[in-house]
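Take this structure, written in structure tokens, and hold onto it; I'll ask about it next.
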Amino acid sequence: MFKYIWKKEYADNKYLIDFLQDEKIKNRISANLLWYIRKATESKYGYYTLTIITIVAPVVSAIILNGPFEDEITKLVADIILGSSTIAASLISLFNYHKKWIIYRNQTEAIKRILAKAYIDDNLDENIILDEIEKNIAKTDEKWTNQHKEEN
């Protein structure tokens with residue numbers, strides 16, 4: 001499912017790359033755009049999935065525990081479900097899904113903005129387009145690195 005979503009977004013925006021003439025530049029920009037779209041989508045759905053588990057699992061566990069069943073297996077199942085909530089919350093934190101989603105999405109949109117500007121302005125040199133995208137990626141990488149330094 002996720003593959004369909006990020007492939008569709010890439011396909012919907014491919015026209016922003018197709019007008020480029022230099023194959024090397026086109027391939028570099030295409031690879032970057034595709035990577036950031038994919039990573040943003042994966043991070044978003046990882047974040048949403050695990051967040052839903054952290055919300056739903058305790059409720060389901062409480063319903064099971066307050067139900068008519070009082071055997072040990074039912075309590076064990078409820079505990080496992082409740083434990084999945086804790087694991088999901090830990091995975092959200094461990095993998096920084098929310099931060100990654102924001103960073104990757106912002107970078108995706110930045111690349112699209114640069115390409116849209118270039119698409120409209122036929123006189124823009126493709127090397128300048130690539131340079132602007134690379135500078136933007138470098139800024140994002142620097143922010144990401146600084147965030148990790150602050151956390152440690």
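The values are calculated or read from the model by the stated rules, or taken from the named source; none is laboratory data. Please read these numbers as outputs of a predicted model, since none were measured by experiment. All Cβ positions, glycine included, derive from the backbone under ideal geometry; neighbour counts span all protein chains shown. To get the accessible areas, we keep the full protein, side chains included, count just its heavy atoms, and leave off ligands, DNA and RNA. Shrake-Rupley method; radii C 1.70, N 1.55, O 1.52, S 1.80 Å.
Going through SER61, SER43, SER85 one at a time, which residue ends up being over 25 Å from ASP18 (Cα atoms) and in contact (Cβ under 8 Å) with a residue 40 or more places away in the chain?
SER43
List the helices (runs of 4 or more DSSP H) inside segment 1-79, counting only whole elements, that have at least 3 residues being open to solvent by 80 Å² or more (accessible area, probe 1.4 Å) and under 30 Å from ILE129 (Cα atoms).
2-13, 23-65
Does ARG113 satisfy being open to solvent by 70 Å² or more (accessible area, probe 1.4 Å), at pLDDT 95 or above and in a helix (DSSP H, G or I)?
yes
OK, next. Given the conditions (1) open to solvent by less than 30 Å² (accessible area, probe 1.4 Å); (2) under 15 Å from the mean Cα position of the chain (by Cα), which single one is not true for TYR97?
With (1) open to solvent by less than 30 Å² (accessible area, probe 1.4 Å); (2) under 15 Å from the mean Cα position of the chain (by Cα) applied to TYR97, the lone miss is (1).
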